[in-house]
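Throughout, read-outs are computed from the coordinates displayed, never taken from laboratory work. Please read these numbers as outputs of a predicted model, since none were measured by experiment. So basically every Cβ, Gly included, is an ideal-geometry build from the backbone, and we count neighbours across all protein chains shown.
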Amino acid sequence: MAEYLKPIPRIDVMSKTYWTGTARRELLIQECRHCSHKQFYPRPFCLKCGSENLGWLRASGRGTVHTFTVINRNLQPGFAEGPYVFAVVELEEGPRMQTNIIDCKPEEVKIGMPVTVVFQPVNENLALPQFRPLGQK
Amino acid sequence: MGFITRKTAIVGIAELGEPRATHKTQFQIHAEMAKKALEDAGLTLKDVDAYFSSCIYGYSIMPAVILPEYLGIRPTYVDSTDIGGASFVAHVGHAAAAIAAGMCQVALITYGATPWSSGQAIGTEGLVISEPPYQFELPYGPTVVGNYALAAQRHAHLFGSTDAQRAEISVATRKWATMNPNAMFRAPITINDVLKSRVVASPLHVLECCVISDGGGAVVVTSAEQAKHLKQPPIYILGAGEAVSHDTMSQMPDVTDLPAKYSGEKAFKMAGLKPQDVDVAELYDSFTITVMVALEGLGFCPVGESGNFVSEQRTAPGGAFPMNTDGGGLSSCHPGERGIFLVIEAVRQLRGGRGPAQVPNARVALAHGTGGNLSSGATLLLGND
C-alpha cells in the first residue's frame, strides 16, 4: 500500500471517541442531552446552552456540499500530486465539517450536491471520513 | 461619539517599500521602520513607552518581548494581539484606547517580514500546526487560498457574483500600483489577463491572489494634545472596532455574516460617521473575495451586491470609490500580515502627499484589515480635521 503522507490526526482526550468511531466506520457527533443541540467538532460543553451533559450520536453520514474548491496547488506531501476537492459538508443533522469530495470528477462537484460518508483507512486507530456523491456506487 | 474619538492621533509612519529586500532580516526591518517612523514624528525611541506587534515569522516566541529587546526599549504597555492580517489595524485602536485611558503616552507599532527572500509560499503551503482543532482540518489538505476559495464559491452560489466581477478589483488595484514606485508589480493588467491566469484553487486565479513580498512598516500614535507639537499634521483616530468569528472553515457562519459587519459597525458608531462619509478606503486584499465581502460587511454596498459595486472600475483611479490606493496586497506588497500598510496609506492620503495617486479633498479614510480565513476584522476611521 502506498505510504500515507498526509497529516495524521492527533488523538487526544477530547477527540478519542470521534476517532475510535471512525475506526468502526461510524461518524459520531456530539448531541447535548439538555437542549438537543448537535455540534462538531467535539467541545467540552454544549456551545448553545453550556451544558456539560453531552452524548454521542451516530450521524447518518448523509449531507450536502455547503461549499468546496478544487485545489490545484498544495506543496505539502500527500497533496502535491494533483487537483483534489477540499470542501465543507453540512450533515443532515446540522453540523458542518471539512472534508474531501472523492469518487467523482472535481468539475462535477456543486454546492448543494447530496453526499454520503465513506471511511478512508489510515491506520489501526482511525479512518478518515470522506464524502462521495450520494447514489454513486 | 466614543470615548476615544479624537483623543489620539497618528503622528509618524514609515514603510520599507522594498518588496524584494534580500539584504535585510525581519528584525532589522522592524528596527529600521521604528526609527524612521519616530523620525517622521519628530520623536525618538526614548519617547516610546508602549509597544505593539503581532508575530515573528518562523519563531514561536514573544514578539512584544523580543522586539523591545532588539530595539533597546523597555515599554510599560505592550500588546501582541495576533489576529492575522488585521492585527496592526487593531493595534492602532488598542493604542488609542490605552492612550486615552492614560495607560501610556507614545505607542510604537512595528511590522517586518521577508517571505519572498526566504522562499516561503504563504498561501499554498499546507498548514502545519497539529494542535486540535486542526486535526479535523489538516488531514484534508486546506490551504489559505483554498479557504478563501470556499468563500468565493459560496458567494457566487448565493449571489451570482462572477469571476469577471472579482477580476475588476485586481485590474483597478493594479492601476493604483502603477503610480506607486515601491509596488512589486506595476504593469497594467486586463480582466482577460486575470481570467486567463492559472486557477490556484477554484474559482480563484493567480491574479486574484496577493503577491508574496518582503516588507515592513511602523506607526506612531500619541495623544491629540501632544500631536499638535510634533512635525506632521495629526491624523486623528475617530473610531475603531474589531471582531473575530472563527478559524477553520467548517465553523464560519457564512459569507453574509463576517467580522467586517461587527468591526465596521463599532468603528462607525464610535466615530459618528456612515459609509458615505468615507473619502478613501484601504481594504485588506489578500484575495479579491476578501475585498468583496468587506465592502458588503462594512456597508459600502448591500450584502450580495459587491460584484456590481466593483464593476466598471469603480475602485480605480478616477472612479467613484477610490480603494487600495497604493496597489494593495494584490499588486504592491504582502509579506504575510499587511494590515500596517492599510493604516500607512490611509495616513498618507489624509496628509495629502500622494501626488497623482492623491484622492482630492480626502478628509476621512477607512482602513479595514481581514485576518486568518476571513476570521477576524479590524476597522479604523481616521480624519485630518
MRE, 222 nm, helices only [DSSP H, n ≥ 4, -39500 (n - 2.57), over the protein assembly as shown, to nearest 500]
-7500 deg cm²/dmol
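For the ranges B:320-331, A:67-78, B:350-361, what's the packing order if you count other beta-carbon atoms within 10 Å of each residue, average per peptide, and put the highest first? Numbers along the way, then the final one.
Working: B:320-331: 25.9, A:67-78: 21.1, B:350-361: 14.4.
Order by mean packing, descending: B:320-331, A:67-78, B:350-361.
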Mind jotting down the distance between the C-alpha centroids of the stretch B:172-192 and the stretch B:257-290, whole Å?
24
Taking the dipole of the protein assembly as shown about the Cα centre (Lys, Arg +1; Asp, Glu -1; charges at Cβ), the one of B:237, B:226, B:302 that reaches farthest to the positive side is B:302
Please compute the modelled spin-label separation between residue A:56 and residue A:17, points set 7 Å along Cα→Cβ, answer in nm with one decimal.
0.7
Tell me the angle of helix B:87-100 to the major Cα principal axis of chain B, expressed in degrees between 0 and 90 and rounded to the nearest ten.
30
How big is the gap, in Å, between the Cα center of the stretch B:1-42 and the Cα center of the stretch B:208-243?
8
Plugging the Cβ-Cβ distance of residue A:134 and residue B:274 into 1/(1 + (r/R0)^6) at R0 = 45 Å yields, to the nearest 0.05, a FRET efficiency of 0.45
Here the Cα Rg-to-2.2 N^0.38 Å ratio for chain B is 0.91
Modelling each spin label as a point 7 Å along the Cα-to-Cβ direction, I'd like the residue B:305/residue B:363 distance in nm, to one decimal.
2.4
On average, how many beta carbons from a partner chain sit within 10 Å of the beta carbon of a residue in A:76-82?
3
A correct fewest-to-most ranking of B:209, B:55 by other Cβ atoms within 10 Å would be B:55, B:209
Around residue B:307, under 14 Å between beta carbons, what's the net of Lys plus Arg minus Asp minus Glu among the other residues?
-3
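Where does each of B:250-256, B:26-32 land if you order them by average Cβ count within 10 Å, highest first?
Per-residue mean Cβ counts within 10 Å order the peptides as B:26-32, B:250-256.
Grab the beta carbon distance between residue B:229 and residue B:118, set R0 = 41 Å, and tell me the FRET efficiency rounded to 0.05.
Efficiency computed from Cβ-Cβ geometry: 0.50.
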Sites residue B:23 and residue A:81, calculated FRET efficiency, Cβ-Cβ separation with R0 45 Å, nearest 0.05
0.75
Most to least packed among A:83-90, A:35-42 [average Cβ atoms within 10 Å]
A:83-90, A:35-42
Under the 7 Å Cα-to-Cβ spin-label approximation, residue B:39 and residue B:82 lie apart by a distance in nanometres of 3.0
In peptide A:93-101, what is the residue-averaged number of other protein chain Cβ atoms found within 10 Å of each Cβ?
4
With a 4.7 Å Cβ cut-off, tell me which Cys residues in chain A come up empty for a partner.
A:104
Just to check I understand the Karplus step: with θ = phi - 60° and J = 6.51 cos²θ - 1.76 cosθ + 1.60, what whole-Hz values come out for the stretch B:63-76, glycine and proline as x?
x, 7, 10, 6, 6, x, 4, 4, 7, x, 10, 10, x, 10
Near residue B:85, within a Cβ-to-Cβ distance under 9 Å, what is the net charge of the other residues, with Lys and Arg +1 and Asp and Glu -1?
0
For residue A:134, which sequence-distant residues (separation of 5 or more, or a different chain) have an amide H within less than 5 Å of its own amide H, given hydrogens modelled in the peptide plane?
A:115, A:116
Using a cut-off of 15 Å between beta-carbons, work out the net charge of the residues near residue A:45 (Lys and Arg +1, Asp and Glu -1, residue A:45 not included).
+2
When only alpha-carbon atoms are used, what values of Rg and Dmax, in angstrom, describe the protein assembly as shown?
23.4, 76
Return the average number of partner chain Cβ atoms within 10 angstrom of each residue Cβ along peptide B:245-255.
4
Listed with the fewest Cβ neighbours within 10 Å leading, B:235, B:61 appear as B:61, B:235
Roughly how big is the protein assembly as shown's charge dipole about its Cα centre, with Cβ charges of +1 (Lys, Arg) and -1 (Asp, Glu), in debye to the nearest 20?
220
Over chain B, what is the relative contact order in whole percent, taking alpha-carbon pairs under 8 Å and six or more residues apart?
27
In degrees from 0 to 90, rounded to the nearest 10, what is the angle of the helix B:144-159 Cα long axis to the longest principal axis of chain B?
60
Taking residue B:266 as the anchor, which aspartates and glutamates have their alpha carbon closer than 14 Å to its alpha carbon, excluding any fewer than eight residues away along the same chain?
B:242
To make sure I understand the rule: partners must be lysines, Cα under 28 Å from the Cα of residue A:16, and not fewer than 8 residues away in the same chain. Which ones qualify?
A:6, A:38, A:48
Compute the long axis of helix B:339-351 from its Cα atoms, compare it with the longest principal axis of the Cα atoms of chain B, and write down the angle in degrees, 0 to 90, nearest 10.
70
